[in-house]
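The values are calculated or read from the model by the stated rules, or taken from the named source; none is laboratory data. Since the model is a prediction, treat every value here as computed from it, not as a measurement. Neighbour counts run over all protein chains shown; Cβ positions are idealised from the backbone, glycine included.
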């Protein structure tokens with residue numbers, strides 16, 4: 001083997017070692033990215049469940065908030081009915097009395 005072939009072979013071996021190290025680092029980086037993707041996937045699933053729970057709580061809270069308004073409406077209706085009933089009773093009583 002000539003000196004030139006020897007130098008060339010040495011350079012190729014060094015390049016192969018360098019490439020092997022680079023591939024090892026890339027493999028580690030790829031593994032880390034894969035692990036992050038799995039963690040993100042799990043977070044997305046948890047976020048979907050959380051959003052569903054929030055939507056359910058929102059519906060229930062809205063229903064609870066409507067209750068006082070509905071109750072007030074019932075009270076107003078009862079008062080109007082009582083006043084109307086009293087007026088009608090008074091009119092009928094007056095008609096009967098003054099006859």
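Within the group 10, 50, 30, 62, which residue is part of a helix (DSSP H, G or I), without any contact (Cβ under 8 Å) to a residue 12 or more places away in the chain, within 20 Å of the chain's Cα centre (by Cα) and surrounded by 10 or more Cβ atoms within 10 Å (Cβ to Cβ)? Explain how you work it out, then say what you get.
Values: 10 fails: within 20 Å of the chain's Cα centre (by Cα); 30 fails: within 20 Å of the chain's Cα centre (by Cα); 62 fails: surrounded by 10 or more Cβ atoms within 10 Å (Cβ to Cβ).
Unique residue meeting the criteria: 50.
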In this structure, is residue 96 in a helix (DSSP H, G or I) and modelled with pLDDT of 95 or more? no
